[in-house]
Amino acid sequence: MGTKGDGTRIVVASECWHGATGAGLSHGFRKLGWDVVEIDPRDHFVSGKSLRLRAAGRLLRRQCRASYNRAVREAVALLSPRWFVTVKGSDLERATLVELKRRGVVTANYYPDVHFDHPGVDPSTFSFYSHFFTTKSFQVDHLRRTLGQDRVRFLHHGYSSLVHRPRMANVREADYVADVLYVGNHSPYKERWLVEVARSLPDVRFMIVGSRWQEAGARMGPQAIVVGHHILGDGYARLLQQARINIALHSGPDPATGWQDLVSTRTFEIPACKGFMLHIDNPEVRTLYEPGTEIDVFRSPEELCEKIRYYLPQPELRREMIERAYVRCVPAYSYDARAEVIASAMSLAAPERSAA
């Protein structure tokens with residue numbers, strides 16, 4: 001059976017906000033002709049910024065988790081889907097996955113994170129998925145030893161074609177809101193890199209956007225613009241295009257495993273939005289883009305500052321590289337393309353049957 005146009009039902013259990021990985025994959029499945037039913041955990045878990053809401057979320061977590069799993073099981077019972085996909089599999093219980101297997105549903109977990117020690121993630125459930133797709137090449141050997149050689153596959157992050165796209169046909173010099181931009185949550189590792197940029201380039205208009213940067217902002221110097229919260233969706237796409245240079249930097253080594261991101265979603269979102277990208281150097285990013293032609297790379301804070309000094313006064317060169325990186329990225333690195341890979345693998349799989 002092919003992957004296109006037969007109206008086969010699929011249930012996707014994932015956060016599906018505008019720009020989320022789950023929403024991007026769902027759109028890709030729909031473009032293939034699949035009928036997608038989304039079960040979003042945000043409809044079942046209590047969340048919010050206030051202390052009261054966070055306290056309520058902790059108190060009601062067990063009930064919320066039960067509601068979420070019940071919604072998945074009810075959707076499967078009602079719709080009899082052929083396939084089920086989740087992003088990360090947070091809060092999905094073993095009993096739910098066993099029930100899906102009993103009904104013959106082919107299941108896949110698309111796992112986009114550097115480690116497995118996250119609230120709600122239970123690695124003991126990974127063996128219940130028909131397919132396990134990891135976006136981290138360094139996890140593959142570990143997962144294949146744990147789950148089996150044929151069940152695990154490496155599949156990169158992507159960008160959402162609904163969201164991560166150029167918001168402006170032409171960017172004038174007056175449209176830029178920052179010379180250099182970093183978007184991402186704070187970590188001590190990132191701060192060590194970015195504080196060097198702020199201190200070494202005091203005349204550069206430097207903007208940092210993301211959670212938990214407020215305290216670190218004081219150490220960046222008065223010229224740094226620190227926005228201490230998320231900017232998502234369309235606003236995020238516009239911001240990437242309105243910075244002369246975007247830095248792609250990750251969180252550093254995981255303390256427990258030593259694993260370290262080589263690429264992340266921003267590796268694909270920045271070029272898809274026609275932003276100019278300076279990416280931390282590693283062999284993997286060099287398989288995706290050509291440094292010096294489409295993007296450029298850096299290995300140290302000093303080299304990052306050197307590349308910023310080189311590219312800032314060369315708008316025409318940046319525009320040429322942006323266009324080449326865009327052509328490389330779009331549509332090949334979209335979640336639409338990732339969904340097609342997942343769909344192909346699931347279409348070839350025999351229906352699951354539980355031994356229970």
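The numbers here are math on the coordinates, done by the rules we state, and not lab data. What you see is a predicted model, and the numbers here were worked out from it, not measured in a lab. Please note: Cβ atoms are built from the backbone with ideal geometry, for glycine as well, and neighbour counts cover all protein chains shown.
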Segment 244-356 shape via C-alpha gyration tensor axes, a/c threshold 1.5: oblate
For segment 100-235, shape from the Cα gyration tensor axes a ≥ b ≥ c, cut at a/c of 1.5 then a/b versus b/c, turns out prolate
Please return the longest range in the chain lying between exposed loop sites, taking trypsin sites (Lys or Arg not before Pro), DSSP loop only, at most 14 other beta-carbon atoms within 10 Å, and leaving the sites out. 50-171
Output ³J(HN,Hα) for segment 78-86: one whole-Hz value per residue in order, computed from phi by the Karplus curve 6.51 cos²θ - 1.76 cosθ + 1.60 with θ = phi - 60°, and x for Gly and Pro. 6, 9, 6, x, 7, 9, 9, 10, 10
Could you tell me which residue out of Gly275, Leu262, Val114 lies farthest along the dipole of the chain toward its positive end? Charges go on the beta carbon: Lys and Arg +1, Asp and Glu -1, centred on the Cα centre. Val114
Express in % the proportion of alpha carbon pairs of segment 173-329 at distances exceeding 28 Å. 12 percent
I need Tyr289, Tyr335 ordered by Cβ neighbour count within 10 Å, fewest first. Tyr289, Tyr335
Students often forget the sequence filter, so: which aspartates and glutamates lie under 18 Å Cα-Cα from Lys307 once same-chain residues fewer than 8 apart are removed? Asp179, Glu196, Asp203, Asp281, Glu290, Glu294, Asp296, Glu316, Glu320
Residues with beta-carbon under 15 Å from that of Ala237, excluding Ala237: net charge, scoring Lys, Arg +1 and Asp, Glu -1? +2
What percent do you get for the relative contact order of segment 112-180 when only Cα pairs under 8 Å and 6+ apart count? 26 percent
Ranking of His279, His229 by count of other Cβ atoms within 10 Å, fewest first: His229, His279
Tilt relative to the chain, helix 21-31 - C-alpha long axis, 0 to 90 degrees, to 10: 70 degrees
Amide H within-cut-off set for Val297, under 5 Å, with H built and near neighbours excluded: His279, Gly292
Cα centroids of segment 133-212 and segment 62-124: how far apart, whole angstrom? 27 Å
Toy charge model, Lys and Arg Cβ at +1, Asp and Glu Cβ at -1: segment 199-333 dipole around Cα centroid in debye, rounded to 20, equals 340 debye
5 angstrom amide H check on Trp259, placed H, neighbours 5+ away: Asp254
Would you list Ser251, Ser160 from fewest to most Cβ contacts within 10 Å? Ser251, Ser160
Given only helices, namely DSSP H runs of n ≥ 4 each adding -39500 (n - 2.57), what is the per-residue ellipticity at 222 nm of the chain, to the nearest 500 deg cm²/dmol? -11500 deg cm²/dmol
Pairs of Cα atoms under 8 Å, at least six residues apart: use those to get the relative contact order of the chain, whole percent. 19 percent
Taking the C-alpha atoms of segment 98-147, how large are the radius of gyration and the largest Cα-Cα span, Dmax, in Å? 11.4, 33
Evaluate Rg over Rh across the chain, taking Cα atoms for both radii and Kirkwood's formula for Rh. 0.99
Counting only residues 5 or more apart in sequence or on a different chain, those whose built amide H sits under 5 Å from that of Ile245 are Val180, Leu181
Let me know the shape class of segment 233-295, please: from the alpha-carbon gyration tensor, a ≥ b ≥ c as square roots of the eigenvalues, rounded when a/c is under 1.5, otherwise prolate if a/b is greater than b/c, or oblate. oblate
